[in-house]
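Trainee: Shown below is the structure under consideration.
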Amino acid sequence: MLTKDQILQWLQTFAAEIEQHKDYLTQLDAAIGDADHGINMERGFKKVLSQLHSVADQDIGNILKAVSMTLISHVGGASGPLYGTLFLRASMAVTGKQALSNADIANLLRAGLEGVLQRGKAQLGDKTMIDALSPAVTTFQQAVAEGKDTLEAMKYAVATAEQGMKDTIPMQAKKGRASYLGERSIGHQDPGATSCYLMLKSLLASLESSHK
């Protein structure tokens, strides 16, 4: 189960993680992209934080939709449309809900992933955020199907996302600015996969804090 308060805490924690890792994300992006991923994400989530209070009394679907609209309008580069689409599709999967069952969470994650796949046209192995997100979503769904509780299933998902993020290091980029580098993109961790791992890690942290 994931409550509305935990959703709000997740977004606040993710914003804090982005703030903390802004320079690191930008450094990763400097190696294979435009050197703006951390800066753009931090700008977007600072704006999300400033607006959360105005939607906190709404249902989870509307909260996530508001996050989506904010990111699309305030985050530059590729990350704005991709994360904006992720949160928009996620919001549509949980319209009107005040709390989420494991099945709801799985639907939210799967919808977000499908939105990013359609928007970015990337596949597993292209060295993008998909390499962290896709295996994590599959892992969460499998863990839930095996009867794991929300917290345990999310722990497995986050571990899978972390591995997926690290697996981008030896990959050659096939999408975005990084793909222009060809073989020179090999040996660098993908910034999008890294921020995606931070997003899922933040969701786990929100779940863990309520279990203490």
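Taken together, the values in this text are just the output of simple stated rules run on the coordinates, not laboratory data. Just so we're clear, the structure is a prediction, and the values are computed from it rather than from any experiment. Note that we place each Cβ from the backbone using ideal geometry, even for glycine, and neighbour counts take in every protein chain shown.
Trainee: Run the helix sum for the chain: -39,500 (n - 2.57) per DSSP H stretch of 4+ residues, divided by residue count, reported at 222 nm to the nearest 500 deg cm²/dmol.
Mentor: Working: 9 runs with 149 residues, N = 212.
One gets -23500 deg cm²/dmol as the mean residue ellipticity at 222 nm.
Trainee: Related question: Using a Cα-Cα cut-off of under 16 Å, which aspartates and glutamates could be cross-linked to residue 47, ignoring same-chain neighbours fewer than 8 residues away?
Mentor: Here the aspartates and glutamates satisfying the reach criterion relative to residue 47 are 17, 19.
Trainee: Once the principal axes of the Cα atoms of region 19-62 are found, what is the range along each, listed largest first in whole angstroms?
Mentor: Computed over region 19-62, the largest-to-smallest principal extents equal 41, 17, 12 Å.
Trainee: Could you give me the percent of Cα pairs per 5 Å distance bin for region 1-96, shortest bin first, beginning at zero and ending with the bin that holds the maximum distance?
Mentor: In order of increasing distance, the bins hold 3, 15, 23, 25, 17, 10, 5, 2, 0 percent.
Trainee: Hey, what angle do you get for helix 4-20 against the long axis of the chain, alpha-carbon based, 0 to 90 degrees rounded to 10?
Mentor: Helix 4-20 sits roughly 30 degrees off the main axis of the chain.
Trainee: Just how many pairs of Lys in region 115-182 have C-alpha atoms closer than 27 Å, counting pairs that are eight or more places apart or on different chains?
Mentor: 11
Trainee: For residue 27 and residue 208, what does the FRET efficiency come to when R0 = 25 Å and r is the distance between their Cβ atoms, rounded to the nearest 0.05?
Mentor: That pair, residue 27 with residue 208, gives E of 0.35.
Trainee: Then there is this: Over the chain, with a Gaussian network built from C-alpha contacts below 10 Å, which listed residue (74, 53, 37) shows the highest mean-square fluctuation?
Mentor: 53
Trainee: Simple spin-label model, 7 Å along Cα-to-Cβ: residue 46 to residue 183 in nm?
Mentor: 4.1
Trainee: Moving on to the next point. Per 5 Å bin, what percent of the C-alpha pairs of region 74-187 does each bin hold, from zero upward?
Mentor: Percent of Cα pairs in each bin: 2, 13, 18, 20, 20, 13, 7, 4, 1, 0.
Trainee: What order, most packed first, do the peptides 13-23, 104-114 have when packing is the mean number of other Cβ atoms within 10 Å of each residue?
Mentor: On the way: 13-23: 18.2, 104-114: 21.1.
Going by the mean number of other Cβ atoms within 10 Å, highest first, we get 104-114, 13-23.
Trainee: Okay, next question. On a full-extension model of 0.36 nm per residue, what is the gain between residue 169 and residue 62, subtracting their alpha-carbon distance, rounded to one decimal in nm? Display every interim value, and only then the final one.
Mentor: Working: separation 107, 0.36 × 107 = 38.52 nm, distance 3.61 nm.
34.9 nm is the gain from fully extending residue 169 to residue 62.
Trainee: Of 168, 95, 70, which has the largest mean-square fluctuation in a 10 Å C-alpha GNM of the chain?
Mentor: Highest fluctuation among the options: 95.
Trainee: Sticking with this structure for a sec: Can you give the Kirkwood hydrodynamic radius for region 131-212, in Å, rounded to one decimal and based on Cα pairs? Please report the intermediate quantities before stating the final value.
Mentor: Details: mean 1/r = 0.0745 Å⁻¹.
It is 13.4 Å.
Trainee: Next question. Expressed as an acute angle from 0 to 90° and rounded to the nearest 10, what is the orientation of the C-alpha long axis of helix 102-120 relative to the principal long axis of the chain?
Mentor: 30
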